[in-house]
Amino acid sequence: MKKLTTLLSAIVAMMSTNVFAEYGLNMTEGVTSISHDIYDLHMMVFWVSVVIAIVVFGAMFYSLFAHRKSKGAVAANFHESTKAELIWTIVPIFILIGMAIPASKVLIDLEDTTKAEMSVKITGHQWKWQYDYPEEGISFLSNLAQSSRDVVTGTDAEREAAEHYLLSVDKHLVLPVDTSIRFLITSNDVIHNWWVPDFGVKQDANPGFINDAWAKIDKIGTYRGQCAELCGKDHGFMPIVVDVVSKADYKKWVAEQQAAAKAAIASATQTWSKADLMAKGKAVYNTNCASCHKADGSGLPPVFPAMKGSAIANGPASVHTNIVLNGKAAMPQFKALGDSDLAAVITYERNAFGNTGSVVQPSDVKSAR
């Protein structure tokens, strides 16, 4: 009796909606019109498959039971039945046509980006995302949040305690609700994949090519995704976080970002003190460089050389600046960073870890671009 009770409890638990939600057994329904269409298509095919399974396996198990050998049943011996061949040919054709028509409509709608009201360019880098708003003149890099980086080498308890471990970033992509948005997706180095399940968007980011996708998000909120293409040692450190806000809040955010960009341009015309450059440079280094060159500058030789004692960091500033700007071998280019950020991080690399390089000003970076 105890075993039966345990078995029934397990079955009830498996059938619980909450359990299914926790383990994510079904496809995410999402918050965009296209994700709803994909979900409905998925469920239609699922229930068609269920009905077919019930009919086929029901007939099979009934035949096994009703015509078993112990009852003296004798197998029928026939072939070339025109009636049977017509049934098993025509019925599947109608089933496939019934599924193909709605699937084609969804596929055509999925590829139709002409209705977009705004565009966002998404560029994958090892291992971060760059977001550009061409019409608004906004551009920024989105890196794994420091709260996750701090516990990567910590204990299991520390990682479990970290909120949204490996699913949080320092800068969120911000989008307006109820707006058709075209995503232009590409890569600066290797193949990545921008995937946000709630949007029904999963698109490859290929170097040298631009793929597009679109979404019209119905619900305000924060949505998370990840890179879905194995792209290197820190593939798991490329989360995606999108804040969907009201149109009024989006306009306010755009104004704030444009003001910040103007302030950054103005600061790049100033001469910074070494102390200010070092302070800013440490933050930029930990966000953009520490995953390869390590926070203590020891690097991961021979692929990612050490900053500590580096001939480049202690050599001519022009060579160092050129490599950071344009990249070299496995080192990606960092042109997306502002002049102040680049001057700060180069100065930090040249003067931290016991290095004795020179100071680099934003004007030096601007001249080297």
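Worth a mention:
- Condition check for Lys115: in a loop (DSSP other than H, G, I, E, B), surrounded by 14 or more Cβ atoms within 10 Å (Cβ to Cβ) and in contact with a strand residue (DSSP E or B) (Cβ under 6 Å, 6 or more places away or on another chain): no
- Residue in segment 308-325 that is within 19 Å of Gln126 (Cα to Cα), at pLDDT below 85 and among the hydrophobic types (A, V, I, L, M, F, W, C) present: no
- Failed item, numbered, when Asp198 is tested on (1) over 30 Å from Gln361 (Cα atoms); (2) open to solvent by 50 Å² or more (accessible area, probe 1.4 Å): (2)
- Sole residue being closer than 28 Å to Tyr285 by Cβ, touching a Lys or Arg at 6+ places or on another chain (Cβ under 7 Å) and surrounded by 18 or more Cβ atoms within 10 Å (Cβ to Cβ), chosen from Ser148, Ser142, Ser187: Ser142
- Being under 28 Å from the mean Cα position of the chain (by Cα) and crowded, with 16+ Cβ neighbours inside 10 Å holds for only one residue in Phe353, Phe334, and it is Phe334.
- Test for Gly232: is it open to solvent by less than 60 Å² (accessible area, probe 1.4 Å) and out of contact with any strand residue (DSSP E or B) (no Cβ under 8 Å at 6 or more places or on another chain): yes
- Within segment 280-318, restricting attention to residues that are in contact with a His (Cβ under 9 Å, 6 or more places away or on another chain), farther than 19 Å from Asp150 by Cβ and without any contact (Cβ under 8 Å) to a residue 12 or more places away in the chain, the residue that is least open to solvent (accessible area, probe 1.4 Å) is Gly299.
- Residue list for segment 326-352, filter: hydroxyl-bearing (Ser, Thr, Tyr) and at pLDDT below 90: Ser340
The values are calculated or read from the model by the stated rules, or taken from the named source; none is laboratory data. Bear in mind the structure is a predicted one, so any value in this text is a computation, not a measurement. Heads up, the Cβs are rebuilt from the backbone with ideal geometry, glycines too, and the neighbour counts pull from every protein chain shown. Only protein heavy atoms, including side chains, enter the accessible area calculation; ligands, DNA and RNA are left aside. Shrake-Rupley method; radii C 1.70, N 1.55, O 1.52, S 1.80 Å.
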